[in-house]
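Presented below is the structure to which this report refers.
The values are calculated or read from the model by the stated rules, or taken from the named source; none is laboratory data. Quick caveat, the model's predicted, so the values are computed rather than measured. Don't worry about glycine lacking a Cβ; one is built from the backbone with ideal geometry, like all the others, and counts go over all protein chains shown.
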Amino acid sequence: MIEHLYIHIPFCPNICPYCAFYKESAGRERVEAFLDALLRETEQWAHRLRPRTIFFGGGTPSSLSIPQFEKLLAGLHSSLDLGKLEEWTIEMNPATVSSEKAQLLRKAGINRVSMGVQSWDNKILKALGRTHDAERAVESYGILREAGFENLSIDLIFGVPGQSLQSWRSSLEKSIRLAPEHLSAYGLTYEEDTDFFQKLGRGEMTPDEGLEADQFELTRELLGHSGYRQYELSNYALEGRDSIHNSAYWAGNDYLGLGPSAFSTVGSKRWRNIRDTGIYSETTFHGKTAVDFEEEATESLKSSERAAFGMRTLRGLSIQDAMPWELGLREALGHGLVEISSGRWVLTQRGRLLADNVAEIFV
Ligand SMILES: C[S@@+](CC[C@H](N)C(=O)[O-])C[C@H]1O[C@@H](n2cnc3c(N)ncnc32)[C@H](O)[C@@H]1O
Ligand code: SF4
């Protein structure tokens with residue numbers, strides 16, 4: 001049985017200039033056709049699913065309206081066996097949170113919200129092209145707590161041009177005061193096919209790597225002192241609040257992804273649904289496959305991925321598990337990127353900043 005289910009909801013009320021996730025801003029009819037197809041795809045897989053975790057990602061899942069959520073949640077409840085469900089997460093954009101929506105989601109069994117706050121500094125929110133301001137984000141956070149959500153996560157972004165160390169410190173401090181159970185702090189990446197990427201190419205945006213490194217270290221320090229464990233490079237949680245879904249994914253467990261652009265890895269197969277909502281909806285609704293890419297997930301591919309993800313986690317990699325990559329790791333040791341601590345390979349402070357370079361060892 002597959003224990004981890006990802007559902008991609010590809011709609012956003014506004015497209016952010018840095019974001020490369022598959023999404024579109026769409027009208028009502030398109031959403032309806034998508035929901036019909038998604039429920040059809042769920043039914044096709046239901047006999048192989050007994051989810052311990054469900055993750056509604058996007059896009060902005062919270063951009064669905066109340067009637068659309070009612071239809072989606074009723075459909076999922078009627079086709080899935082949810083008897084083993086431990087964690088059901090939804091990604092929400094603060095601009096789309098309402099009390100009625102929050103209550104509906106909580107009642108339907110969703111027990112974790114990851115909210116894309118990004119920054120508590122209105123100047124930075126504007127630079128990121130966000131439609132909400134800090135005041136709206138506090139209000140949305142309060143609405144979620146009032147609706148009974150006891151497991152909240154906040155997404156923040158650092159390394160934004162114009163974002164001083166002080167602005168980042170204030171965003172961290174403000175987040176800590178709100179006391180979410182989990183925090184994700186991402187360094188801004190310039191993804192291909194985004195406005196920011198083009199601006200970078202034209203020299204209109206200039207990353208400051210030194211400042212970004214300081215912001216990263218400040219994050220570890222402030223969150224660490226406030227009881228948040230850095231269990232993965234970008235993820236921090238209070239005791240017992242690591243994301244079960246993401247941890248399972250990083251550990252290399254099987255997961256099923258439904259919706260356009262969603263990846264799945266089940267047994268020795270990996271595939272991706274087409275990155276086109278219209279085609280996805282049309283083909284899936286008619287019982288045909290929306291898969292546009294598949295490959296053999298060989299044991300060697302899976303163990304490389306497990307090792308690469310393992311190195312990004314606090315625990316690192318046991319010397320035993322790391323044997324196939326020992327040569328590369330020894331070289332990285334020489335460059336001060338990794339070290340051996342309590343019998344495990346772990347990243348050094350420098351390695352944490354250059355984690356993508358370390359990951360290349362496992363490719
Ligand atoms: C799919 S979004 C989900 C949340 C929701 N759509 C929103 O924006 O509020 C997941 C998270 O990825 C992060 N993210 C997206 N693009 C990024 C980029 N280019 N660099 C760093 N973080 C990024 C943001 O923190 C965002 O909250
Ligand atoms: S960051 Fe979130 S709201 Fe912005 S475009 Fe990406 S998925 Fe949509």
Restrict the check to region 340-358 and report whether at least one residue is in contact with a Phe, Trp or Tyr (Cβ under 6 Å, 6 or more places away or on another chain) and either assigned to a helix (DSSP H, G or I) or modelled with pLDDT of 95 or more (or both). no
Give the number of residues within region 193-218 that are assigned to a loop (DSSP other than H, G, I, E, B) and either closer than 14 Å to PRO161 by Cβ or modelled with pLDDT of 95 or more (or both). 8
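Answer yes if at least one residue in region 297-313 is under 23 Å from ILE9 (Cα atoms), aliphatic (A, V, I, L, M) and not in a helix (DSSP H, G or I), and no otherwise. Break it down stepwise before answering.
From region 297-313, those under 23 Å from ILE9 (Cα atoms) are none; that's our starting set.
No, region 297-313 has no match at all.
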Please indicate, with yes or no, whether at least one residue in region 111-129 is among the aliphatic types (A, V, I, L, M), part of a loop (DSSP other than H, G, I, E, B), under 26 Å from HIS4 (Cα atoms) and touching a helix residue (DSSP H, G or I) at 6+ places or on another chain (Cβ under 9 Å). no
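So that you can scan it fast, the table gives a plain yes or no per residue for (1) away from ligand 1 (no atom under 16 Å from the Cβ); (2) closer than 13 Å to ASP121 by Cβ; (3) touching a strand residue (DSSP E or B) at 6+ places or on another chain (Cβ under 6 Å); (4) not assigned by TED's automatic domain parsing to the domain that holds GLU239:
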position	(1), (2), (3), (4)
LEU144	no, no, yes, no
VAL160	no, yes, no, no
ARG169	yes, yes, no, no
LYS174	no, yes, no, no
SER184	no, no, yes, no
ASP193	no, no, no, no
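Residues being among the hydroxyl-bearing types (Ser, Thr, Tyr) and under 19 Å from GLY278 (Cβ atoms): count how many of those fall in region 2-41. Full working, then the answer.
Of the residues in region 2-41, the ones among the hydroxyl-bearing types (Ser, Thr, Tyr) are 6, 18, 22, 25.
Keeping just the survivors that are under 19 Å from GLY278 (Cβ atoms) gives 22, 25.
Of the residues in region 2-41, 2 are among the hydroxyl-bearing types (Ser, Thr, Tyr) and under 19 Å from GLY278 (Cβ atoms).
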Quick one: PHE196 ticks every box in (1) away from ligand 2 (no atom under 16 Å from the Cβ); (2) surrounded by 15 or more Cβ atoms within 10 Å (Cβ to Cβ) bar one, so which box is it? (1)
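Conditions (1) free of Cβ contacts under 8 Å to residues at least 24 places away in the same chain; (2) within 16 Å of ligand 2 (Cβ to nearest atom); (3) closer than 19 Å to THR289 by Cα, marked per residue:
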| residue | (1), (2), (3) |
| --- | --- |
| SER25 | yes, yes, no |
| GLU29 | yes, no, no |
| THR42 | no, no, yes |
| TRP45 | no, no, yes |
| ARG50 | no, no, no |
| GLY58 | no, yes, no |
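Which residue, of ILE2, ILE9, is within 16 Å of ligand 1 (Cβ to nearest atom), hydrophobic (A, V, I, L, M, F, W, C), in contact (Cβ under 8 Å) with a residue 12 or more places away in the chain and in contact with a strand residue (DSSP E or B) (Cβ under 6 Å, 6 or more places away or on another chain)?
Values: ILE2 fails: within 16 Å of ligand 1 (Cβ to nearest atom).
Checking each option against the conditions leaves just ILE9.
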Residue within region 256-270 that is over 30 Å from GLU150 (Cα atoms), surrounded by fewer than 14 Cβ atoms within 10 Å (Cβ to Cβ) and not hydroxyl-bearing (Ser, Thr, Tyr) present: yes
Is one or more of the residues making up region 41-54 within 16 Å of ligand 1 (Cβ to nearest atom) and at pLDDT 95 or above? yes
Cβ-Cβ below 7 Å, separation at least six or inter-chain, first residue in region 81-105 and aromatic (Phe, Trp, Tyr), second within 14 Å of ligand 1 (Cβ to nearest atom) and at pLDDT 95 or above: which pairs? TRP88/ARG112
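Inspect all residues belonging to region 289-298 and state whether any of them is of a type in the set (D, E, K, R) and touching a residue at least 60 places away in the same chain (Cβ under 8 Å). Walk me through how you get there before you give the answer.
The initial filter retains those residues of region 289-298 that are of a type in the set (D, E, K, R), namely 292, 294-296.
Okay, now just the ones that are also touching a residue at least 60 places away in the same chain (Cβ under 8 Å), so none.
No - not one qualifying residue is present in region 289-298.
Under the condition of being of a type in the set (Phe, Trp, Tyr) and assigned to a helix (DSSP H, G or I), which residue from region 247-296 is farthest from ILE9 (Cα to Cα)?
Residue satisfying both the conditions and the ranking: TRP250.
Only one of these is within 13 Å of ligand 1 (Cβ to nearest atom) and either within 26 Å of GLU212 (Cβ to Cβ) or not in a helix (DSSP H, G or I) (or both): SER140, SER153. Name it.
Numbers: SER140 fails: either within 26 Å of GLU212 (Cβ to Cβ) or not in a helix (DSSP H, G or I) (or both).
Being within 13 Å of ligand 1 (Cβ to nearest atom) and either within 26 Å of GLU212 (Cβ to Cβ) or not in a helix (DSSP H, G or I) (or both) holds for just one of SER140, SER153, which is SER153.
Quickly run through region 60-80 and pick out the residues that are of a type outside the set (Ser, Thr, Tyr), more than 16 Å from ligand 2 (Cβ to nearest atom) and touching a residue at least 12 places away in the same chain (Cβ under 8 Å).
Pass one, region 60-80, residues of a type outside the set (Ser, Thr, Tyr): 61, 64, 66-77, 80.
After this cut, where a residue has to be more than 16 Å from ligand 2 (Cβ to nearest atom) as well, the list is 66-77, 80.
Listed by number, the residues that qualify are ILE66, GLN68, PHE69, GLU70, LYS71, LEU72, LEU73, GLY75, LEU76, HIS77, LEU80.
Taking the conditions exactly as written (assigned to a helix (DSSP H, G or I) and within 16 Å of ligand 1 (Cβ to nearest atom)), does SER78 satisfy them or not? Lay out the reasoning, then the answer.
Numbers: assigned to a helix (DSSP H, G or I): yes; within 16 Å of ligand 1 (Cβ to nearest atom): no.
No, not satisfied.
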Residues in region 16-64 that are under 20 Å from LEU156 (Cβ atoms), more than 15 Å from the chain's Cα centre (by Cα) and surrounded by fewer than 18 Cβ atoms within 10 Å (Cβ to Cβ) total 1
